[in-house]
1. Scan the helices (runs of 4 or more DSSP H) fully inside the stretch A:214-308 and keep the ones with 2 or more residues being aromatic (Phe, Trp, Tyr) and surrounded by 21 or more Cβ atoms within 10 Å (Cβ to Cβ).
2. What tally of residues in the stretch A:121-134 results from selecting those that are within 13 Å of chain B (Cβ to nearest Cβ) and of a type in the set (A, V, I, L, M)?
3. Name the residues in the stretch A:426-459 that are touching a Pro at 6+ places or on another chain (Cβ under 7 Å), crowded, with 22+ Cβ neighbours inside 10 Å and not in a helix (DSSP H, G or I), would you?
4. So, restricting to helices (runs of 4 or more DSSP H) that lie completely within the stretch A:113-210, which ones have at least 2 residues that are closer than 28 Å to A:Pro265 by Cβ?
5. Considering each of A:Glu87, A:Glu147, A:Glu107 in turn, give the residue that is modelled with pLDDT of 95 or more, charged (D, E, K, R) and closer than 18 Å to B:Val39 by Cα.
6. Quick one: how many residues across the stretch A:5-40 are surrounded by fewer than 24 Cβ atoms within 10 Å (Cβ to Cβ) and either in contact with a Pro (Cβ under 9 Å, 6 or more places away or on another chain) or of a type in the set (Ser, Thr, Tyr) (or both)?
7. Across the stretch B:55-74, which residue is nearest to the other protein chains (Cβ to nearest Cβ) among those that are within 13 Å of the chain's Cα centre (by Cα) and assigned to a loop (DSSP other than H, G, I, E, B)?
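The values are calculated or read from the model by the stated rules, or taken from the named source; none is laboratory data. Note that the structure is a prediction, hence the values are computed from the model and not measured. In this analysis, Cβ positions are derived from the backbone assuming ideal geometry, glycine residues included, and neighbour counts consider all displayed protein chains.
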Amino acid sequence: MSCVNVIEKDRNVIINPLKTCQPLGAMFAVTGINKGFPIVHGSQGCSAFVRYGFARHFREPSEIAVTALHEDAAVFGGRSNLVAGIENLALRFDPDVIGVITTCSSEIIGDDVYGFADTARGNLKEKLGEDADKIEIIPINTPSFVESHYKGYDNAINALVNHLARKDEPNEKVNIIPGIINPGDIRELKHMLASMDTDGIFLTDISDPFDAPLRPSKTKEIPYYPKGGTTVDELRDSANSLGTVSICKYAGSGATSLEREHKVPSAIETPPIGLQNTDQFVRNVSKFTGNSISEELLDERGMLVDSMADNAARYLYGRKVAIYGDPDLTTGMARFVGELGMEPTMVCTGVKYPDFNPDMEKISKETGSDIDVLYGQDLRAVEVYLKENPVDLLVGNSDGRLIALDLDIPLIRMGFPVYDRVGYQRQSVLGYRGGLYLMDLITNTVLEKYYEPTHWKLQQ
Amino acid sequence: MPYKLLEVDKKIPQRKNHVYVKHCSDPEDEIPDCNTKTVPGSMSERGCAFAGVKGVITGAIKDVIHVVHSPIGCTSYGYGTKRYPTTPDMPNGEKFPIDNFNLKYILGTDLQESDVVFGGMKKLKKSIIEAHKEFPEATAIYTYSTCTTGLIGDDLDAVAKETSEELGIEVVAFNAPGFCGPSQSKGHHVGNLTLFENLVGTKEPLETTPYDVNLIGEYNIDGDLWIIKDYLEEMGINLLSKFTGDCSHDEICWMHRAKLSLVRCQRSATYIADLIEEKYGVPYIKVDFFSTKYCAENLRTIGKYFGLEEEAEKVIESRMEKVAPEIEFYKSKLQGKRVFIFSGGPKSYHLSKPLEEELGMETVAVASQFEHKDGYEKMKSRVKEGTLIVDDPNSLEFEEIIQVYKPDLILAGVKEKYLAHKLGVPCLLIHSYENGPYMGFEGFVNLAKDMYRNIYSPVWSMLEFEEEPSVGENAEVHEDSSEKQETKPENTGELA
């Protein structure tokens with residue numbers, strides 16, 4: 001009988017974290033809005049570090065403003081910083097949405113960001129007249145000392161729909177809350193929706209903002225805005241959709257709010273990684289639209305199945321895999337690894353969420369393999385675990401590269417951040433085609449690592 | 001008027017005093033306003049004081065544990081920031097058991113709401129004890145206050161003292177919460193003071209020579225320090241202590257025993273050289289090893305100080321023999337190319353003149369995130385008439401500078417690089433480099449090569465689709481790249 005063994009952190013100190021604080025998630029969410037500008041109400045590091053992280057992973061500009069709290073603000077409060085910050089941003093950058101993101105400092109100081117935002121709105125009205133009404137200023141509370149970046153992402157999506165969604169005529173669209181995923185993933189979701197004759201509203205859509213073409217003649221300069229992102233009109237219209245599919249279990253609040261406030265039904269699931277999770281995504285979309293799965297998608301599914309039939313048993317069966325990273329991606333990946341006949345012997349997430357362990361139990365039953373779940377743990381725990389319990393493959397972000405190197409385990413890069421390889425942000429791990437990509441990546445890694453290059457086994 | 005209000009700053013006119021165009025009739029002390037508070041919402045590129053202390057000063061040390069006392073973000077972001085490699089070599093000849101320890105681990109207290117309400121000192125104490133248990137091989141433990149712990153008033157010094165006594169290992173607290181000071185520069189200062197007050201003078205070196213120096217403000221970015229170390233050792237000079245590239249904790253403890261301090265990054269580390277001079281009478285000189293000319297000049301100065309003039313000449317001669325033809329080649333390619341240098345601090349004045357004099361480029365604008373008055377004075381003295389000098393430029397100013405000054409190349413950081421590319425201008429990473437090291441003779445060749453690679457990358461001539469390709473232009477590109485193949489000398493500048 002297969003079982004799950006949950007191993008929790010047995011020390012206070014965190015060593016090489018697998019999570020970060022709330023504001024990052026909110027900055028990510030606001031970046032996915034067309035002409036959306038995050039402004040972080042905190043110290044300069046709060047935006048600089050995140051911009052550095054996004055630039056390093058996506059290899060794209062990441063424009064995130066900050067109110068630059070210094071000592072005086074720590075003593076007297078950050079009112080003037082926030083009011084001036086919003087005004088300067090509005091007047092110089094002409095944004096459609098300003099997401100005002102709090103931090104540990106501004107939450108501890110006790111700044112009334114809602115009140116300060118109102119003051120800024122009033123001032124802008126004086127300076128811009130009616131044009132000021134076109135700028136949506138949306139406070140998002142993201143205290144850094146509560147939960148993780150996923151909570152910040154969830155809070156941001158929830159704040160956006162609560163602030164913007166307006167009931168109007170039904171629109172025949174499906175809202176998608178994508179979670180913290182890559183541009184390639186979102187493009188794959190769009191492809192799947194299009195294949196099912198469905199228009200989506202992404203809450204929000206970082207695909208173009210974080211993967212923009214270099215076309216100087218078409219690039220708007222001063223201020224630079226990438227094309228794409230979800231428009232304010234689309235965000236408003238999210239109240240009129242057929243349903244909301246959140247493919248991130250850790251960011252369902254926006255979907256729940258839309259259901260409660262605007263009767264938009266919701267489905268909150270594990271991301272469509274691998275065969276069965278993608279099937280479930282397709283069923284969810286189909287449930288809301290009434291459109292059945294397209295021949296095109298069935299063929300794509302068939303191609304993944306074909307490849308699994310051709311290669312999984314031969315090259316992958318029984319190989320042990322350790323997976324670490326964000327909770328939704330690790331859950332999806334663990335299940336897919338099982339579908340490929342491999343054993344997800346260790347799954348580690350730095351973020352705690354009640355659904356995580358029950359999901360692991362389901363996967364354990366389904367795959368018939370015991371899973372050691374490192375719950376709310378860090379990369380040091382992964383390292384120590386792997387020294388005692390070796391595996392064939394490691395799946396996770398670039399922060400594990402040195403562990404992989406020291407332990408001589410090949411690392412399949414996935415999640416955020418990946419900075420020591422290029423192109424991962426453009427690939428999709430979602431959908432049937434994402435499954436194919438992942439499977440090829442895994443299989444080729446196994447062939448490279450575990451097969452003698454000159455051996456006759458590679459002959460055909 | 002030398003001060004210039006850029007178009008994009010019309011709504012934030014206070015920025016005018018930070019933007020300056022050099023004019024020969026200006027009074028000498030007229031420089032951009034600097035080291036002042038950042039304009040909120042301006043899209044400044046600055047970081048925080050915590051980044052200054054951990055990211056720049058202490059993160060390069062090879063044998064200490066860093067415990068960041070913060071909610072999880074600061075700890076996550078403090079992991080693996082700069083590229084400062086270390087060797088496992090310890091001063092006593094032993095090897096530190098974990099390779100690249102400084103790049104591999106970061107520890108933190110992961111503060112939760114209850115810690116914010118009730119205080120985080122107990123958690124910090126436990127964390128430091130656990131850190132010691134986890135990595136008993138580490139020589140010392142450094143702990144950092146952050147915005148949260150600064151605001152709730154946790155006393156890190158008290159915890160450091162207590163745990164230090166309990167564990168029998170040095171625990172040092174760095175009090176540079178993110179909000180202190182206008183930029184990361186404040187963190188450099190706190191790092192210098194803390195290391196000086198707690199460590200310098202507390203240990204004696206295993207042996208001394210008459211040629212002992214401290215190399216201060218050199219962080220071994222991409223291996224810079226190793227280049228300089230080779231030169232100095234060939235001259236017969238002993239690097240008693242490095243501050244802090246590839247250095248061990250103990251080296252800092254005996255910095256007072258050097259005969260001379262060499263201050264390389266004068267923004268982030270002149271503080272400690274001053275303090276050591278004041279208290280222990282160790283003199284210091286400010287040195288500059290970027291470019292062949294500055295490097296040679298400074299090696300001669302150091303040689304003269306120790307009576308090692310001939311040895312200095314030998315080093316210079318041997319290196320120049322190797323790099324001169326390569327520099328000649330890159331000069332022929334980079335001649336007349338317009339460059340905009342946007343560094344964190346001093347690289348703007350380290351590089352402006354060498355790029356002009358040794359590589360024939362034209363420095364059209366220089367900028368810095370966090371320089372102070374002395375740095376801007378030097379910057380101004382090293383650029384020519386009409387050059388733009390900007391303090392703490394924001395992204396709109398960055399875009400306007402690109403439009404107006406039309407640089408062929410920008411030297412800046414990763415936050416700026418991709419924006420420059422979107423606007424059609426190549427941008428080379430100058431904080432942590434691309435294919436460095438960039439220091440010293442060989443390093444200057446690497447820098448020239450990287451600038452050349454960036455400017456001449458074929459992509460920049462194919463940015464837009466053309467209905468009817470203009471034959472002439474394309475022909476020129478091909479000719480250029482074939483010429484590159486034919487005349488480019490062997491790759492001798494690359495370090496093994």
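1. A:275-289
2. Total satisfying the criteria: 2.
3. Once the filter is applied, which keeps residues that are touching a Pro at 6+ places or on another chain (Cβ under 7 Å), crowded, with 22+ Cβ neighbours inside 10 Å and not in a helix (DSSP H, G or I), the stretch A:426-459 yields only A:Leu430.
4. Fully inside the stretch A:113-210 and qualifying: A:149-164, A:183-195.
5. Residue meeting the stated conditions: A:Glu87.
6. 2
7. Result: B:Gly59.
So that you can scan it fast, the table gives a plain yes or no per residue for (1) under 22 Å from the mean Cα position of the chain (by Cα); (2) within 14 Å of another protein chain (Cβ to nearest Cβ):
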{"position": "A:Val6", "(1), (2)": "no, no"}
{"position": "A:Asp10", "(1), (2)": "no, yes"}
{"position": "A:Ile15", "(1), (2)": "no, yes"}
{"position": "A:Cys21", "(1), (2)": "yes, yes"}
{"position": "A:Ala26", "(1), (2)": "yes, yes"}
{"position": "A:Gly32", "(1), (2)": "yes, no"}
{"position": "A:Lys35", "(1), (2)": "yes, no"}
{"position": "A:Gln44", "(1), (2)": "no, yes"}
{"position": "A:Ser47", "(1), (2)": "yes, yes"}
